[in-house]
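Asks: The structure's right below; bear with me while I get my questions together.
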Amino acid sequence: MSDVQHVVVMGVSGSGKTTVAQLVAERLHRQFLEADDQHPAANVAKMAAGEPLTDQDRAPWLATLRDWLAEQTRAGRPSVLTCSALKVAYRDVLRAGGPVLFVHLDVTPDVLAQRMGQRVGHFMPPALLGSQLAALEPLLPTEPGFTLDATGTAQSLAAQIADRVRALSDTTM
């Protein structure tokens, strides 16, 4: 890891990415970007209609996220980004933007379904959860990052992540 480190909080819909990542960004005083806000309108419409995105649908979105990470890297601004980052190939795209540490928020399908059922106003319907779980490729041992059981509180998860990021930063300086 270099001294400019980007934390990508990843996982399927309903895993708590946004809430946890915002708290991590606040704790670490880093730039924050919510990847869902970067989806093209066509992607949002497709998901809202209950259709899973294809790799082709995701490619421009991932390029936008990669470019944002690259901009933060060039400016020397560490950041926190939310992104489902379901596949190794997607994470490869994000890594091209700068040094990235992935934090996979892992939650059981039952808890995910419950959380998604309680959400209001999100374009991602609970019916697409199965397609996300099927596409999810866990972090490989060669990928920079770690997996957390995300059934705890958002505050607790954010504290754990921030502590690990600080520990990694301390060892690279």
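The values are calculated or read from the model by the stated rules, or taken from the named source; none is laboratory data. Worth saying up front: this structure is predicted, and the values here are computed from it rather than measured. All Cβ positions, even for glycine, are placed from backbone atoms using ideal geometry, and neighbour counts span all protein chains on display.
Asks: Within the stretch 10-103, considering only helices (runs of 4 or more DSSP H) that don't extend past its boundaries, which have at least 1 residues that are more than 23 Å from G130 (Cα to Cα)?
Replies: 17-28, 55-75, 88-95
Asks: What is the residue count in the stretch 106-147 for residues that are of a type in the set (A, V, I, L, M), surrounded by 15 or more Cβ atoms within 10 Å (Cβ to Cβ) and at pLDDT 95 or above?
Replies: 1
Asks: A further question follows. Only one of V4, V100 is of a type in the set (A, V, I, L, M), touching a Lys or Arg at 6+ places or on another chain (Cβ under 8 Å), modelled with pLDDT of 95 or more and within 25 Å of V165 (Cβ to Cβ). Can you tell me which?
Replies: V100
Asks: Restricting to the stretch 68-103, what's the tally of residues that are crowded, with 17+ Cβ neighbours inside 10 Å and of a type in the set (A, V, I, L, M)?
Replies: 10
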